[in-house]
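Since the structure comes first, as structure tokens, the remarks are kept for the end.
Bear in mind that the values in this text are calculations on the coordinates, not laboratory data. Because the structure is a prediction, the values reported are computed rather than measured. In this analysis, Cβ positions are derived from the backbone assuming ideal geometry, glycine residues included, and neighbour counts consider all displayed protein chains.
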């Protein structure tokens, strides 16, 4: 009987083995190895997700692994003539970043004009680096604005409402005098002559955006406005470039201001220089903004809708003192002082001339002017899509880039025509 049960048991086990598929037997045999391989696969998949997720990658502080090999060593890049004569070097793309952010002042109704600008900057530059964006508005941003914009940026998107004291007429301004001045500017057909909000904007960009606590942790910024376009790839980190080359202010285009908007700006500035002579740098760029050694202002200014600059410069005692002096004079409200001439005069007086940098090779547009690299080799390398025939970089009338190069004793690109001998 025992033998019969044993035989039945053996037969039962044998029949089970026969009934079990061969693949199942293999799984059972290598179960531990399969489990290990599956866990390893999940770990690898997770790592791949982190590397390819821009926001997660931003937290890691490195995007080096996502850069094509050709872009990691920037020494192989061709430099435009302007960078060669300015004696600058490009930083290596090794994944190290500095404390920097894009800064944008926008209204909710600017959303669809802004998204194209953001997409240009992200596709041409920031997808490789993942820097943050800080957005300012004098009213709360709409949920649509925040949702759409957040989906486009590769760094963190920060939405900030401007404090009332940064966007209002201060107590020391005569409101009736200010209103009358706006009417007179409007009657004279001066652009934005009647607009109070435009004056708030110019004052905010001149003296307050850099004070906001949202920017306290940043040292560098790149200003981006709605309706701007970036036409070329930027293959190096411009913020590290500024830091490693000891630059404090960078621009693309410079042009002349409407003199009717700033009738007393230079006289006020001269009063400031007389009161605070120690704040003026000896090796300054005064000859860029004045054709007569400071007696008058020629109107040349850096087009501030594109500027890459040091926040610490605006935070400096020299600039704070200068802005407060201008602000108390009332020119932002009694006239129509713009942030571009204010920034430009300050950079020209309070910085050494070598601390300013003229960016070329980017390809840039803001209504109504464009900059397009004049050298075909640079346009091809940087995959530019701009028409060089529309470039205003080296124009004589109304523009000041030639003067900037001349004052700094820098040669012009060979492609630039010198038909007027300047």
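For the reader, a short list of remarks on this structure follows.
- Viscosity 0.692 mPa s, temperature 37 °C, Stokes-Einstein D of segment 201-248 from Kirkwood C-alpha radius, µm²/s: 249
- Among 310, 316, 197, the ranking by other beta carbons within 10 Å of each residue's beta carbon, starting with the fewest, stands as 197, 316, 310.
- Extension reserve of the residue 273-residue 256 stretch, reckoned as 0.36 nm per residue once the Cα distance is removed: 3.9 nm
- Order of 178, 151, 371 under a 10 Å beta carbon neighbour criterion, fewest first: 151, 178, 371
- Relative contact order, percent, segment 132-241 [alpha-carbon distance under 8 Å, six or more residues apart]: 21
- DSSP beta bridges confined to segment 99-408 are antiparallel in about 45 percent of cases.
- Gyration tensor (alpha-carbon) shape descriptor, segment 170-215, a/c threshold 1.5: oblate
- Taking 214, 122 and counting other C-beta atoms within 10 Å, the order from fewest to most: 214, 122
- Taking segment 146-170 and a reference point 7 angstrom along Cα→Cβ of residue 115, the backbone N atoms nearer than 11 Å belong to 146-152.
- Taking a point 7 Å out from the Cα of residue 324 in the direction of its Cβ, the residues of segment 144-180 whose backbone N falls within less than 18 Å of it are 165-166, 170-173.
- Rough spin-label spacing in nm, given labels placed 7 Å along Cα→Cβ, for residue 264 and residue 408: 3.4
- 27 Å tail of the calculated P(r), segment 99-408, as % of Cα pairs: 42
- Computed from label points 7 Å out along Cα-Cβ, the spacing between residue 317 and residue 197 is 4.0 nm.
- Placing a label point 7 Å from the Cα of residue 77 along the Cα-to-Cβ direction, the residues of segment 216-254 whose backbone N falls under 13 Å from that point are 232-245.
- Extension gain for residue 214-residue 123 works out to 30.3 nm (0.36 nm per residue, less the C-alpha to C-alpha distance).
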